[in-house]
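The values are calculated or read from the model by the stated rules, or taken from the named source; none is laboratory data. What you are looking at is a predicted structure, and each value in this text was computed from that prediction instead of being measured. When we count neighbours, we look across all protein chains shown, and the Cβ atoms used for this are built from the backbone with ideal geometry, even at glycine.
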Amino acid sequence: MSDPGFGLYIHWPFCPSKCPYCDFNSHVREQVPEQAWRDALLKDLAHAATLTPGRTVTSIFFGGGTPSLMAPETVAAVLNGVMALWPVDQQAEVTLEANPGTADAGRFRGYRSAGVNRLSIGIQSFDDSALSFLGRIHDAAAGRRALEMAASIFDRFSFDLIYARPGQSLDDWRLELRQALDLSAGHLSLYQLTIEEGTAFHTAARLGELVMPAENAVADMYEETQRIMEKAGMPAYEISNHAAPGQESRHNLVYWRYGDFAGVGPGAHGRLTLPEGRQATYQTRLPEGWLKAVSEQGHGMAEMADVATEEQAVESLMMGLRLREGVPLDRIEKLTGRRFDQLVEPGRLAGLVDGGFLTLDGARLTATAAGRQRLDGVLAELLV
């Protein structure tokens with residue numbers, strides 16, 4: 001926990017279709033000039049390396065989009081490029097997101113040979129009607145096949161499910177969770193369906209064509225999720241992420257523990273501690289614009305901005321309180337040069353502790369289970 005590590009996030013922006021709930025930077029293209037993209041990613045990585053000399057990479061994450069559309073040769077070239085630019089920890093976690101609709105055993109073996117040692121698979125549901133509603137290109141049988149392939153090739157893999165869907169009952173969700181646990185390798189990401197601005201679901205909800213479950217029904221599903229996963233030995237180490245001991249996502253822990261990470265590829269963000277202070281980095285968002293920027297300036301970065309010390313403290317709390325382990329107060333004090341009790345209004349903090357939403361043991365601030373369930377409200381009260 002004292003050293004969150006240094007991660008690399010590599011964004012592949014292309015998808016076979018756009019899911020109606022998705023607000024990620026993903027785009028559908030009939031053709032992708034993969035060699036050009038491979039070369040551009042390598043150039044962008046080289047630029048990131050000039051900003052982070054001497055850092056040791058502890059995790060790499062290929063996100064998207066649908067990285068499982070990438071040829072294994074592209075993944076291998078990128079990972080070889082990383083190893084040529086930075087020292088890489090021998091135990092580094094290398095994760096690639098995969099869509100069951102593009103799953104292929106040959107590709108999975110190719111990714112494993114290239115150096116990927118963990119998959120994150122977007123199953124989303126084991127119910128065909130739910131998958132159709134969510135706009136997924138696979139059915140439940142294809143999802144199970146993808147998990148079986150992953151289990152035969154990788155020692156570590158995770159998969160996602162989306163719950164609190166319109167029309168989903170608590171019993172429906174219990175059944176899906178049992179199926180998930182039967183197929184799990186020790187890590188599950190369980191997300192409540194949220195309506196994000198700019199998505200097809202947002203338009204449908206605004207027009208009254210999509211009605212989300214009542215708040216108390218969603219709360220019941222969340223609490224039942226915690227009960228079932230605790231009993232299965234995979235408690236929530238983060239609000240939506242559950243793992244058996246030792247199976248936590250090391251890359252995501254870099255984010256939640258407020259470590260440094262470089263973002264490469266269209267729309268990727270980063271946080272880097274440089275001689276001039278902590279910097280937020282932003283890559284050009286649209287794929288064609290990013291590719292053009294790399295061609296013209298040697299990298300895709302659109303902006304680098306100072307992160308003020310107060311903002312660092314806020315970000316560290318927002319990320320760290322998502323974790324069951326909480327936030328060590330010396331992290332906040334190192335970021336700001338001030339004691340934690342000087343940064344918050346004591347009465348508000350005491351109210352959240354007395355209300356059972358936070359615990360403060362003198363060295364660490366932690367959100368309780370009730371606090372994590374209502375974290376947006378807790379943070380709004382704490383950080384005003």
- Please state which one of Glu276, Glu311 is over 30 Å from Ala367 (Cα atoms), out of contact with any helix residue (DSSP H, G or I) (no Cβ under 9 Å at 6 or more places or on another chain) and surrounded by fewer than 21 Cβ atoms within 10 Å (Cβ to Cβ). Glu276
- Residues satisfying the stated conditions in region 333-384, i.e. over 17 Å from Met319 (Cβ atoms) and among the acidic types (Asp, Glu): Asp341, Glu345, Asp354, Asp361, Glu381
- Message: Name the single residue that is nearest to Ala200 (Cα to Cα) among those in region 22-51 being over 23 Å from the mean Cα position of the chain (by Cα) and in a loop (DSSP other than H, G, I, E, B).
- Response: Arg29
- Query: Just wondering, is there one or more residues in region 286-295 that are in contact with a helix residue (DSSP H, G or I) (Cβ under 8 Å, 6 or more places away or on another chain) and either surrounded by fewer than 15 Cβ atoms within 10 Å (Cβ to Cβ) or among the small types (Gly, Ala, Ser) (or both)?
  - Reply: yes
- Residues of region 149-186 classified as part of a strand (DSSP E or B) and within 14 Å of Leu131 (Cβ to Cβ), total: 5
- All but one of (1) more than 13 Å from Val264 (Cβ to Cβ); (2) surrounded by 23 or more Cβ atoms within 10 Å (Cβ to Cβ) hold for Phe61; which doesn't? (1)
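Conditions (1) of a type outside the set (Lys, Arg); (2) touching a strand residue (DSSP E or B) at 6+ places or on another chain (Cβ under 6 Å); (3) at pLDDT 95 or above, marked per residue:
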residue	(1), (2), (3)
Lys231	no, no, yes
Met234	yes, yes, yes
Asn241	yes, yes, yes
Pro245	yes, no, yes
Leu272	yes, yes, yes
Gln279	yes, yes, yes
- Message: Among the listed residues Leu352, Leu358, Leu253, Leu321, identify the single one that is modelled with pLDDT of 95 or more, within 28 Å of Pro235 (Cβ to Cβ), hydrophobic (A, V, I, L, M, F, W, C) and out of contact with any helix residue (DSSP H, G or I) (no Cβ under 8 Å at 6 or more places or on another chain).
- Response: Leu253
- If you check Glu197, Glu224, which single one turns out to be touching a helix residue (DSSP H, G or I) at 6+ places or on another chain (Cβ under 7 Å) and at negative phi? Glu224
- Task: Please find, among Gly101, Gly54, Gly81, Gly63, the residue that is out of contact with any Pro (no Cβ under 6 Å at 6 or more places or on another chain) and either outside the structural domain of Ala40 (by TED's automatic domain parsing) or part of a strand (DSSP E or B) (or both).
- Result: Gly63
- Residues of region 316-357 being under 19 Å from Arg372 (Cβ atoms) and aromatic (Phe, Trp, Tyr), in sequence order, are Phe357
